[in-house]
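What follows is a single structure, written as structure tokens, with notes after it.
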Amino acid sequence: MGALEALRAYVRETEEISAAAALAAWDQRTGMPEKGAEARAKVLGRLERLAFERLVSDRMAELLRAAEGEAEGEIDRALVRVWKRNHTRHRAIPPELYQKFVEATARAEHVWEKAKAASDFSLFRPHLAEVLDLVREIARLIGYRESPYDALVEEYEPGMTTARLGEVLGTLRRELTAFLQELRQGTPPAPLPPGRYPVDAQKRFCRDALTWIGYDFSAGRLDDSVHPFTIGVGPGDVRVTNRYREEDPFSSLFGALHEGGHALYGQGVAPELAWTGLSGGASFGIHESQSRFWENQIGRSLPFWRHAHPHLVRHFPALARTSPEDVWRHVNRVEPSFIRVEADEVTYNLHICLRFELEVELVEGRLSADGLPERWKGAMGEYLGVVPPDDARGVLQDVHWSGGMFGYFPSYALGNLYAAQFASAAEREIPGLWARVARGEFLPIREWLRERVHRHGQVYLPEELCRRVTGEGLSPEPFLRYVRRKYGEVYGL
């Protein structure tokens, strides 16, 4: 057996263990009984420790050294590059520390759900403090040049640094804050009449929308969860979840489109990348670009609502007197709000700016878990001009910190930027794109994304993939042009 073949076999076994852990995690978030939490934390910890020990083992180091000399094609070179990077980063973390981290985050997420339901941060605080201590230790062991946050963000966006994020997010904050002032001079869209929208009807509508964009239900599922998520269990199994609010049928729709965008990425990876560890996105920012593309560039466009409006009315007869234009304006209303996942496109990135700032302070030790709720309220007032009245709509609204995912939030903003760049390229390359959307013809868009983005998995680094698709590297300008053009029209500027 050659070195590359041996590496592939070793990687496949590791990926199969990770697939078992993913299935256990999906069940934990969707159907696990209350009393199974502690045992599930142990099982997840054991499975992920097994995969982790294989990743950082001497055997992996030997296989990578031997395979480097044989890697010639793009996929083989990427296989060595990705696993070498992950091996080097994680070898610095003792397996027992990693298992402790997995178990702590599994417990923390379970408690977070209870704390959010009770709107009581004090329940979650000791668990967050424990996770933070572990995250800081992991960052120290991995190593960094300037900020410990650099070690964490690199996990999600290879090549990105705290300093560059500060520049990019600083530009967005400055430009979007100024644009918000301009929008206040315009005419805000009239809200739709309030009502109650049955959850069963919302589930049917969301399933319709996922079918329109090409989500393959024979290779996935749609389930309920406290926080919507997408999880790839293995080849041919990419699952999505959603949540529903009776007073708002649009929150669940955009949640479905968002998670569906993630899932299309997973379902569109080239078959030859199966079990190689290359079937994920080029980065979390690139992955977020796919969810934000379908949620916003498509789902919040007027052509989309020319197609979707009759279906909306069929599911929700109370909206029969509305027009596609009415709904389009309604879903593009700009209004600072408490909840990130329900924020409009103009203010959404300000939520990310806020979280980025607080994450850096927490990781660098300038902010403690005890001081987080008040710091959060102050930052909300500074960034968005609103102060959450309780913990559920404030510091407890996101699941990420319970999972130890410090460094992840910037991916959402980067995803918005990449999505705008990809949308501009799609407009140039897909004939009559918006006319097709208005007719409900979404598959040409899915196939364009599949060929340009999805099929490559992690074969290319994010900046390289962006250049291959759009001809340029990461830039905030296409996104800023997009929001100025669309929201200028919505607000009659």
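The values are calculated or read from the model by the stated rules, or taken from the named source; none is laboratory data. No experiment lies behind these values; they were computed from the predicted model shown. Cβ atoms come from the backbone with ideal geometry, glycine included; neighbour counts cover every protein chain shown.
Quick notes on this structure:
- Of all residues in the range 152-205, those satisfying the criterion of being among the acidic types (D, E) and under 24 Å from the mean Cα position of the chain (by Cα) are E154, E155, E157, E167, E175.
Every residue, every condition in (1) outside any helix (DSSP H, G or I); (2) touching a Leu at 6+ places or on another chain (Cβ under 9 Å); (3) free of Cβ contacts under 8 Å to residues at least 12 places away in the same chain, yes or no:
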residue: E357; (1), (2), (3): no, yes, no
residue: R366; (1), (2), (3): yes, no, yes
residue: W376; (1), (2), (3): no, yes, no
residue: Y383; (1), (2), (3): no, yes, no
residue: D390; (1), (2), (3): yes, yes, no
residue: S411; (1), (2), (3): no, no, no
residue: Y418; (1), (2), (3): no, yes, no
residue: S424; (1), (2), (3): no, no, no
residue: P431; (1), (2), (3): yes, no, yes
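- Scanning the range 320-337 for residues that are buried (at least 19 other Cβ atoms within 10 Å of the Cβ) and assigned to a helix (DSSP H, G or I) gives V327, W328, R329, V331.
- From the list E447, E472, E464, E451, the lone residue that is in a loop (DSSP other than H, G, I, E, B), acidic (D, E) and surrounded by fewer than 19 Cβ atoms within 10 Å (Cβ to Cβ) is E472.
- Test: residue in the range 60-74 that is assigned to a loop (DSSP other than H, G, I, E, B), among the hydrophobic types (A, V, I, L, M, F, W, C) and within 30 Å of V226 (Cα to Cα): no
- Cβ separations smaller than 8 Å between residues 6+ apart or across chains give the following pairs from the range 45-62 residues that are assigned by TED's automatic domain parsing to the domain that holds H90 to residues that are outside any helix (DSSP H, G or I): F52/I93; V56/I93.
- Checking each residue in the range 111-145 for being loosely packed, with under 15 Cβ neighbours inside 10 Å, at pLDDT 95 or above and more than 18 Å from Q397 (Cα to Cα) picks out D133, R140.
- Here the range 231-266 is the region considered, the condition is being of a type in the set (S, T, N, Q) and touching a residue at least 60 places away in the same chain (Cβ under 8 Å), and the residue that is surrounded by the fewest Cβ atoms within 10 Å (Cβ to Cβ) is S251.
- Looking across the range 392-409, just one residue is assigned to a helix (DSSP H, G or I) and out of contact with any helix residue (DSSP H, G or I) (no Cβ under 7 Å at 6 or more places or on another chain), and that is H400.
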